[in-house]
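Trainee: My questions will all concern the structure given below.
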Amino acid sequence: MPQPTTVLTVQPKKMSKQAQLVELHMLNTGIRLDMRYATANNFMHRPLYKQPRCLLRAIVAEQLSQVQSDLEADGLGLKVYDCYRPLSVQKQMWKLVPNDRFVANPATGSRHNRGSAVDVTLVDRQGNELLMPTAFDDFTEQAATDYDGASSLAKQNRQRLQDAMAKHGFTPLITEWWHFDAANWSQFPLLDVPLETAL
């Protein structure tokens, strides 16, 4: 049985600057946002967020901004699909897909619930997504980071994304090419603060 997890329902008052949730676009406007869970274009087929906001721990947002700066030098950039996710939303996802290969069990929580994970892809200068092995939220073996059956270009783009993220401390989730955890995720508690009231 997993141990009970402490969940913060309000933003802690005494928190280091690096641990505070921040709005990614306040730090870097070059990163494109496509917040899927604020729309019906997701595996739940309905909006789960009231607002399309990307919130992250400040240190994680800074690291992601560094990834963006590196990519811009090569004419590329990031597009973000999901950032901080309230634990209450995690519970809704688990109810539909109780498979911890693709959806974290809310009993232990997701890195997203800690504000220390992102779902991202690569885009060109015009904002067009680069070819990847699958679309976002594809719960098949083709989405795995070691899937070898994709086209050469898709595998090349997947590796380029992994390399860019790894340079700044992000670790990929083996089952989802788009999901990356910040290296310092474990220092942050789970949160269940609605996006519209988080800051």
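Trainee: What are the pairs with Cβ atoms under 7 angstrom where one residue, in the range 56-85, is over 14 Å from Phe170 (Cα atoms) and of a type in the set (Gly, Ala, Ser) and the other, located anywhere, is modelled with pLDDT of 95 or more and in a helix (DSSP H, G or I)? Sequence gap at least six, or different chains.
Mentor: Partner pairs satisfying both residue conditions: Gly77/Gln68; Gly77/Leu71.
Trainee: Looking at Thr171, Thr175, Thr197, Thr145, which is the one that is over 27 Å from Leu21 (Cβ atoms) and either of a type in the set (Val, Ile, Thr) or surrounded by 14 or more Cβ atoms within 10 Å (Cβ to Cβ) (or both)?
Mentor: Answer to the selection: Thr145.
Trainee: Same structure again: Mind checking which residues of the range 12-68 are surrounded by fewer than 14 Cβ atoms within 10 Å (Cβ to Cβ) and part of a helix (DSSP H, G or I)?
Mentor: Lys17, Met26
Trainee: Any residue at all in the range 109-131 that's out of contact with any Leu (no Cβ under 9 Å at 6 or more places or on another chain) and aliphatic (A, V, I, L, M)?
Mentor: Scanning the range 109-131 turns up no residue that is out of contact with any Leu (no Cβ under 9 Å at 6 or more places or on another chain) and aliphatic (A, V, I, L, M).
Trainee: Among the listed residues Leu27, Leu33, Leu71, which satisfies the condition of being within 19 Å of Trp177 (Cα to Cα) and either β-branched (Val, Ile, Thr) or more than 16 Å from the chain's Cα centre (by Cα) (or both)?
Mentor: None of the other options fit; the residue is Leu71.
Trainee: Right, something else. How do the pairs read when you match residues in the range 99-126 that are without any contact (Cβ under 8 Å) to a residue 40 or more places away in the chain with residues anywhere that are basic (Lys, Arg) and surrounded by fewer than 18 Cβ atoms within 10 Å (Cβ to Cβ), using Cβ under 8 Å and keeping only pairs 6 or more apart or on different chains?
Mentor: From the range 99-126, the pairs are Pro106/Lys91.
Trainee: Among what's in the range 93-113 and is within 17 Å of the chain's Cα centre (by Cα) and outside any loop (DSSP other than H, G, I, E, B), pick the residue that is surrounded by the fewest Cβ atoms within 10 Å (Cβ to Cβ).
Mentor: By that ranking, first place goes to Trp94.
The values are calculated or read from the model by the stated rules, or taken from the named source; none is laboratory data. Since the model is a prediction, treat every value here as computed from it, not as a measurement. Neighbour counts are summed over all protein chains in view; Cβ atoms, including those assigned to glycine, are modelled from backbone coordinates with ideal geometry.
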